[in-house]
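As structure tokens, the structure follows; a few thoughts come after it.
Computed from the coordinates by the stated procedures, all read-outs in this text should not be read as laboratory data. Remember, it's a predicted structure, so these values are computed and weren't measured experimentally. Cβ: placed from backbone, ideal geometry, glycine included. Neighbour counts: every protein chain shown.
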Amino acid sequence: MNARNEPRRFQGTPVFPGIAVGPVLCLRPVAGSLADRAFTTEAEELRRLDAAVQASEKQILQIKDMAARKMGAQEAMIFEAHQMMLTDPEYLDGIRGEIGQGVIVEKAVQSVTGMFVKILSQSTSDYLRERVADLKDVSQRLIRNLVSSTAELSSTEPILLVAEDLAPSDLMAYSRQPLRGVVLTKGGLTSHTAILLKSMGIPSVFQVKDLDLHALTESGMAVLEARDGRLTLNPGAELLAQAEEQAREEEKRQAALAVWKNKASLMRDNNAVMVCSNVANQSQVDLAFENGADGIGLYRTEFLFMDRSSPPSEDEQLRIYQQALKVAAGRPVTLRTMDVGGDKEISYLKMPKEDNPFLGVRGLRLSLQNRGIFETQLRALVRASESGPLEVMFPMVTTTQELEEVFEILKPMLAKKAPGTPAIKWGMMLEIPSNIFMIPEFSKWVQFFSVGTNDLTQYLTACDRMNPNLHDLSDAYSPGVLRAVHYLAQDVRRCGRELSVCGEMASDPLLWPFLFGAGVQKISQNARLITASREALSRWTLEECRALTERVIRAGSREEARRLLQEFSAF
Ligand code: PEP
Ligand code: MG
């Protein structure tokens, strides 16, 4: 066999799990194939620019409509940002200026985009750096319209899309044909593309190392084992058959799991727990309840404040929160007050420039420093609570004094609440290591806790959660992380408070029995996992989970902990 036909394995970071098998469709950057033609006249080059801008605007509008239908108005806002970038006067004037210097329009777009990309890439803000992908998307569309090369897909065969980076609009365009999986050699883990892929449930892996897109054989077969972040090119007949079989099994398993949508979340011994969902907008709330969620365990309200130039008004927020409560129809909805800062920036908010934004003014700290916006959100939440059982929790709480300050702000608002309407249940996230040792003090202020294992793991292991080079060290299977979760769960129980987990640990099937065994009563996760969680927990008793948890916290290494968890789930 020729070496080129040997199976070749590549490793990346999982974004959404699943097995995908299919022919590769590789998107190579358009820039490489740019025509090197002679300059016509300034007027002609400008005319071509205007025509391409108009064509691009029309396409973006169509994609925006499609996104709104497929995924909801909130996701479609991304394309509003594209529209704004496309018609940004500074960007267009830059291109016109280059044309004025005798540069052909395609090259002018390329060079001005390059300049803007450089500025954005050097920004210290992760949010701005990730907008680079949006800008590249807009410029590639412009160039495609200029060189009138339509890279549209004709086939209806399901494909595995491989690219350097993929802008949200490309994802929307390519998802017109069935997408089995998405592989990116770059790709921001918190980018809009990642958020869209998760909400569409497409197996995807980002930041795949050593994959040369130019050497990829178009339409060659590949296997994507997204859960393990693994891509295999030229898989060979045996692996291909194996993966196809696994994918079919997975499909059957998913279909069979559908019966669990309408069942109660009960363990084999009839112990009841709650399987809830994490959401960021109304379309995700709808998806959660379509999948039978017991409630919303984490509504990341900060996403309602993004991709716009001013915060949503009190009435706008009220309508959004009321809509979530309406669809929940009596099931609890836990809204987290805006958790801005760290990697989540909002341009119109007063945010200091910091060397270590994850250790800086974020979460509740930032809300307390932006009192006007915070008070508006609290007022909207209190008013919304008149329509249903609302739970409100605060992110990144460091001290009880902060909670005291919040409840001082809330006092007059709560006094105005319509008599006889449901009381709000108050809670806080456990994300900061020192929180673990202050459960009794915090319990005087809140009725429930929710563990943010993403941040808790990052702070316990001192590994930036955005740094792909540290993923191996910041594993939630580290004995230190597992023991911390077990320890805090014991204390929450002693204090008679409720405990949920809404970080990514709650989306890892291997960790579910450990969490329930530790005393967690609610897990909140991606909506597509709800039925699988319910089926899994119906096979276990609380006693079995407790015994497992006791063994796992004694494990001396991640490998041992993982082995124990795997053995338990295999039965
Ligand atoms: C967490 O930190 O685990 C969490 C759920 O919050 P976020 O991921 O939004 O920071
Ligand atoms: Mg967090």
**Nonlocal amide H pairs with Ala222, under 5 Å, H built at 1.01 Å** = Gly22, Val24
**Message:** Could you tell me which residue out of Cys545, Met338, Phe394 lies farthest along the dipole of the chain toward its positive end? Charges go on the beta carbon: Lys and Arg +1, Asp and Glu -1, centred on the Cα centre.
**Reply:** Cys545
**Message:** Quick check on the exposure proxy: order Ser347, Ser434, Ser478, Ser500 from fewest to most C-beta atoms within 10 angstrom.
**Reply:** Ser434, Ser347, Ser478, Ser500
**Fill in**
One would report the antiparallel percent of DSSP beta bridges in the chain, rounded to the nearest 5, as 30
**Item:** Partners for Lys209 among aspartates and glutamates (Cα-Cα distance below 17 Å; same-chain residues under 8 apart left out)
**Value:** Glu164, Asp165, Glu225, Asp228, Asp472
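With 10 angstrom as the radius, rank His471, His486, His82, His214 by how many other C-beta atoms surround their C-beta, starting from the fewest.
The order, fewest Cβ neighbours first, is His214, His471, His486, His82.
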**Prompt:** Ranked by Cβ crowding within 10 angstrom, fewest neighbours first, how are Phe437, Phe16 ordered?
**Reply:** Phe437, Phe16
**Message:** Debye calculation, C-alpha points only, no solvent: report log10 I(q)/I(0) for segment 263-570 at q = 0.08, 0.10, 0.12 Å⁻¹, in the same order as the q values.
**Reply:** -0.34, -0.54, -0.79
**Asked** Could you list log10 I(q)/I(0) for segment 504-571 at q = 0.21 Å⁻¹, which the Debye formula gives when each Cα is one point scatterer?
**Response** -0.85
**Complete:** Subtracting the Cα-Cα distance of Ser309 and Asn262 from 0.36 nm times their residue separation yields 12.9 nm
**At most 12 other Cβ within 10 Å, DSSP loop - trypsin sites (Lys or Arg not before Pro), segment 400-497** = Lys416, Lys444
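Round to the nearest 0.05 the FRET efficiency obtained for Thr541 and Asp472 when R0 = 51 Å and r is the Cβ-Cβ distance. Walk me through the intermediate numbers first.
Values: r = 34 Å, r/R0 = 0.66.
Between Thr541 and Asp472 the formula returns 0.90.
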**Request:** Give Lys425/Lys522; Lys198/Lys353; Lys344/Lys425; Lys64/Lys198 a once-over and call out the pairs whose C-alpha atoms are over 20 Å from each other.
**Result:** Lys198/Lys353; Lys344/Lys425
**Request:** Kindly state, to the nearest 0.05, the FRET efficiency for Ala215 paired with Arg253, given R0 = 25 Å and r defined as their beta-carbon distance.
**Result:** 0.10
**Asked** Stokes-Einstein at 25 °C, 0.890 mPa s, Kirkwood radius from Cα pairs: D for segment 50-134 in µm² s⁻¹?
**Response** 174
**Request:** Could you go through segment 291-300 in sequence order and give the Karplus-derived ³J(HN,Hα) for each residue, using 6.51 cos²θ - 1.76 cosθ + 1.60 with θ = phi - 60°, rounded to whole Hz, and x for Gly and Pro?
**Result:** 8, x, 4, 6, x, 9, x, 8, 9, 7
**Complete:** Counting only DSSP beta bridges with both partners in segment 263-570, the antiparallel fraction in percent, to the nearest 5, comes to 5
**Asked** Which FRET efficiency, nearest 0.05, do Ala415 and Thr41 yield, Cβ-Cβ r, R0 51 Å?
**Response** 0.10
**Request:** Specify whether the C-alpha gyration tensor of the chain places it in the rounded, prolate or oblate class, a ≥ b ≥ c being the square roots of the eigenvalues: rounded for a/c under 1.5, otherwise prolate if a/b is larger than b/c and oblate if not.
**Result:** oblate
**Prompt:** Can you list the HN-Hα couplings for segment 338-350, worked out from phi with the Karplus curve (6.51, -1.76, 1.60; θ = phi - 60°), rounded to whole Hz and with x for Gly and Pro?
**Reply:** 3, 10, 9, x, x, 8, 9, 9, 10, 4, 8, 9, 6
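222 nm [θ] for the chain, helices only, -39500 (n - 2.57) per DSSP H run of 4+, per residue, to 500?
Computed mean residue ellipticity for the chain: -14500 deg cm²/dmol.
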**Item:** Interchain or long-range residues, amide H under 5 Å from Cys276's placed H
**Value:** Asp294, Ile523, Ser524, Gln525
**Item:** Volume in Å³ per residue [convex hull over Cα atoms, computed for segment 161-301]
**Value:** 147
**Request:** Give the distance, in whole Å, between the Cα centre of segment 295-314 and the Cα centre of segment 401-439.
**Result:** 19
**Asked** On average over all directions, what projected area in square nanometres does segment 333-399 have, based on the convex hull of its Cα atoms?
**Response** 5.0
